[in-house]
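To keep things clear, I will list the structure first and then write my remarks on it.
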Amino acid sequence: MISDPEFGEIDRHALGIGQIIGNLHSLELAMRLFLDRAKSGNSSAPKPDLFSLKAGDRVGVTPFTNYDSLGRVIDRYNERVAGINPELSVDKSVVELRDALAHGRLLTRVPQRPIRLFRFSAPHGTTVEVSMALDVTDEWIAEQRRRLYAEIQKVSEAADMLEHPRTAG
């Protein structure tokens with residue numbers, strides 16, 4: 001982590017959470033690109049220059065551009081990768097992590113760590129269930145980053161296998 005004396009505990013926490021969110025984005029992007037490649041194969045159909053797109057432009061619906069949730073992207077990826085190597089399936093529990101960071105509550109009593117992460121269920125009558133309550137420590141952040149990196153590596157390996165299929169000898 002950062003050792004700058006001006007970089008405090010809360011700053012380290014924010015950086016760690018940001019790194020996890022970045023890994024979640026990378027994982028989803030890698031799966032979408034894999035699915036797009038698997039669908040199009042060696043198609044020579046033109047693709048839009050993504051970096052020239054502007055708000056209001058219209059493009060075709062593809063695995064890269066569709067509105068699928070992370071859970072649906074994982075399902076589609078896992079269905080497709082099962083025929084290549086089922087060991088490269090992505091652990092769907094990463095959706096729980098993403099949802100906790102997107103919809104959970106981060107809370108501390110004073111501006112220092114540990115910071116608590118809470119997630120609550122949908123209402124059941126007049127109550128909700130606490131579905132997550134944990135301290136966001138450096139160790140927890142490091143474990144989530146390792147976990148997500150391992151999932152990204154699986155997708156990368158599957159993409160390599162798609163690009164360079166192995167033939168039986």
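Read-outs: derived from the displayed coordinates by stated rules, not from any lab. Predicted model, so just to flag it, every value in this text is computed and none were measured. All Cβ positions, glycine included, derive from the backbone under ideal geometry; neighbour counts span all protein chains shown.
Observations on the model:
- Compared with the direct C-alpha span, the chain from residue 85 to residue 10 gains 22.9 nm at full extension, assuming 0.36 nm per residue.
- Dipole in debye (nearest 20) - the range 75-169, about Cα centre, beta carbon charges: Lys, Arg +1; Asp, Glu -1: 360 debye
- Förster radius 35 Å - calculated FRET efficiency between residue 19 and residue 121 (Cβ-Cβ, nearest 0.05): 0.80
- Between the residues 164, 52, 152, the greatest Cα displacement towards the positive end of the dipole of the chain, with unit charges on the Cβ of Lys, Arg, Asp and Glu, is found for 52.
- Using only side-chain charges placed at the Cβ, +1 for Lys and Arg and -1 for Asp and Glu, the dipole size of the chain relative to its Cα centre rounds to 440 debye.
- Length released on extending from residue 53 to residue 66, taking residue separation times 0.36 nm less the Cα-Cα span: 3.1 nm
- 222 nm mean residue ellipticity, helices alone, for the chain (DSSP H n ≥ 4; -39,500 (n - 2.57); rounded to 500): -16500 deg cm²/dmol
- Anisotropy class assigned to the range 26-108 is oblate, per the alpha carbon gyration tensor with a/c at or over the 1.5 cut-off and a/b no larger than b/c.
- Calculated log₁₀ intensity ratio I(q)/I(0) where the Debye formula runs over C-alpha points of the chain, q = 0.11 Å⁻¹: -0.62
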